[in-house]
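The values are calculated or read from the model by the stated rules, or taken from the named source; none is laboratory data. Nothing here was measured: the structure is a model prediction, and the numbers come from that model. In this analysis, Cβ positions are derived from the backbone assuming ideal geometry, glycine residues included, and neighbour counts consider all displayed protein chains. To get the accessible areas, we keep the full protein, side chains included, count just its heavy atoms, and leave off ligands, DNA and RNA. Shrake-Rupley method; radii C 1.70, N 1.55, O 1.52, S 1.80 Å.
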Amino acid sequence: MASHGLETRGIEPVPLAERTASTRTLFPTWVAANITVLLLTMGATLAVTFGLNFWQTLVVGIVAPIVAFGLVGLIGIAGKRGGAPGMALSRAVFGQRGNLLPGALIWVARWGWETINAVTGAYALLTVLDVLFGIRRGTALIVVTLLLFVTATFAISGLGIDAVQRCTRWATWLFGVFSVLVLGRLLVDTDWDRVFGRGPGPVSAVVTGIGLVAAGGMSWAPAAPDFTRYLPGTASSAAIVRNTVTGAGIVVLPMVLMGAVMASETPGLAVTADPVSFLGEILPLWLAVPYLLIALVGMLLINAMSMYSAGFTAQTLGFRVSRPWAVSVNAVISLILGAVLMLATTGVIGSFVAFLSLLAVAFSAWIGVFGVDMLRRTEYDPVALLDTTRTSAYWYRAGFAPAAVIAWALGLGAGLLFTSSDWFTGPLATGNPIGEYGMGWVATIAVSGLLYAVLPKPAVRETARAGEPARVAV
């Protein structure tokens, strides 16, 4: 259960009596999920690399969070319907065994997110020590800062939903103060004639920019029910989507615009391997300190939210441990991979962008199937979700739901055909609008969703028993 202390509840559905949360809690949750300095880099990339002007960047900053977090909000409705984490509800769609396929891929993908975030957070801490105290980084200090960051992340995510939500509320206020400070400096120091005098870039670059910025946001979709499962079944679905989109948009839009405007004076922001240190060194001290603080807090909370959800995913994959111990598995993985990345490579941005492009396809295949399933399913059997044997209503055929598994696999394959990154380039990634615009995730959602819609679905038998948590219909 969730309380002001440790949350002990795992993937089991939340009883109706404990589902007393408000949709208003989603606003600061999704604010915190987007407080990343990498959005500044993306904004600079839109201006410098893609050649977009201020107004085109404004369009990207508005449309991208609406598209990405509109999907996140819609998937979040499943949480209030079933009262369980996203990857547990996914068992109803893919089958008890079939769910292991997307679950394993999504879990592994989160290793990358958490590793990148841990490295960026550690860099922020290293820069704070350098700017304020003149302490230069070395191998030992790198390892210590990374350990401190991952430990703090684990502490928040391990405590559970109450700790996460309390921290996100404070982060929302901190981001507001930071935004006012940066806006004040930009108004005074920016050559606005240069900013607004810039010619427009190609429309194709606008579409590509929307795809790039939206890709990162969509990766939160499988985790969306994790933050809505304490909502009562009567909670407004529209309010869930609205608070999700506005919470994300109020961060994404100004951060992307700030990055684009900053790039007019410091174009190196678009290509720097370490944006945290880059801006920490060129900003005046009065602004560098709050900037570094918000960068550190943002990465900390993004990682905490990711690890919180990853703990549930680990449990659905068969890790028979309590939720805090399941979270610790990802903490150890991000610590090891983060140390390798920081000590063995010179930068993180190239890897981050390459990871984003592949990650969006991996998550999008699940979104297409799960999202279409939500159109026909308004309730989840709490007993069947936890029953991993052949007696479960969600056992289907040998533990697999054929329609969902086939649609997911073919959607994933189709998306990869249109995807290009430093790690992999699909055969259709060039020479067509989908590939050229970086919209492989759109093809993935469309193919997986349409296939699942037309393929025959197995019947679900009733298994709810007296004394078990009641299902909630909407």
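Between VAL329, MET305, LEU451, the Cα set farthest toward the positive side of the dipole of the chain (charges on each charged residue's Cβ, about the Cα centre) is that of LEU451.
For the stretch 1-53, with all protein chains in place and a probe radius of 1.4 Å, 63% of the accessible heavy-atom surface sits on carbon or sulfur.
Highest-first packing order for the peptide set 226-233, 146-153, 251-258 is 226-233, 251-258, 146-153, based on the mean count of other beta carbon atoms within 10 Å.
Counting only alpha carbon atoms, the long axis of helix 38-48 and the longest principal axis of the chain meet at about 60°. Here the stretch 310-328 and the stretch 278-301 have alpha carbon centers that stand 33 Å from each other. Packing around the peptides 291-303, 170-182, 55-67, taken as the average count of other Cβ atoms within 10 Å per residue, puts them in this order, highest first: 291-303, 55-67, 170-182. What the phi angles of the stretch 218-234 give under the Karplus curve with 6.51, -1.76 and 1.60, with θ = phi - 60°, is a coupling list of 5, 5, 7, 4, x, 8, 4, x, 4, 9, 10, 6, 8, 7, x, x, 8 Hz, glycine and proline written as x.
Element breakdown for the stretch 64-173 at a 1.4 angstrom probe: carbon and sulfur atoms account for 75% of the accessible area.
Between helix 139-159 and the chain, what is the angle of the helix's C-alpha long axis to the longest principal axis, kept within 0 to 90° and rounded to the nearest 10? The answer is roughly 40 degrees. Each peptide in 372-382, 193-203, 14-24 gets a packing score, the mean of other Cβ atoms within 10 Å over its residues, and the list from highest to lowest is 372-382, 14-24, 193-203. Taking a Cβ cut-off of under 15 Å around VAL182, the surrounding Lys, Arg, Asp and Glu residues balance to a net charge of -1, with basic ones at +1 and acidic ones at -1. Separation of the stretch 71-129 and the stretch 10-44, taken as the distance between their Cα centroids, equals 12 angstrom. Once both labels are positioned 7 Å from their Cα atoms along Cα-to-Cβ, the gap between VAL289 and ALA155 label points is 2.2 nm. Once the Cα atoms are used to define both axes, helix 323-344 deviates from the longest principal axis of the chain by about 30 degrees. Along the charge dipole of the chain, which of PRO402, THR57, ALA215 sits closest to the positive end, that is, farthest toward it, with unit charges on the beta carbon of Lys, Arg, Asp and Glu (+1, +1, -1, -1)? Towards the positive end, the residue furthest out is PRO402. Taking every alpha-carbon pair under 8 Å whose residues sit at least 6 apart, the chain reaches a relative contact order of 31 percent. Sorted from greatest to least, the principal axis extents spanned by the alpha carbons of the stretch 1-110 come out as 51, 34, 23 Å. Taken as Cα centroids, the stretch 45-70 and the stretch 158-182 sit 24 Å apart, rounded to the nearest whole angstrom. When the helices of the chain are scored as -39500 (n - 2.57) per DSSP H run of n ≥ 4 and the total is divided over every residue, the value at 222 nm lands at -23000 deg cm²/dmol. When the P(r) of the chain is calculated, the portion above 31 Å amounts to 40% of the C-alpha pairs.
Extending 7 Å from the Cα toward the beta-carbon at both LYS457 and THR391 defines two label points whose distance is 2.6 nm.
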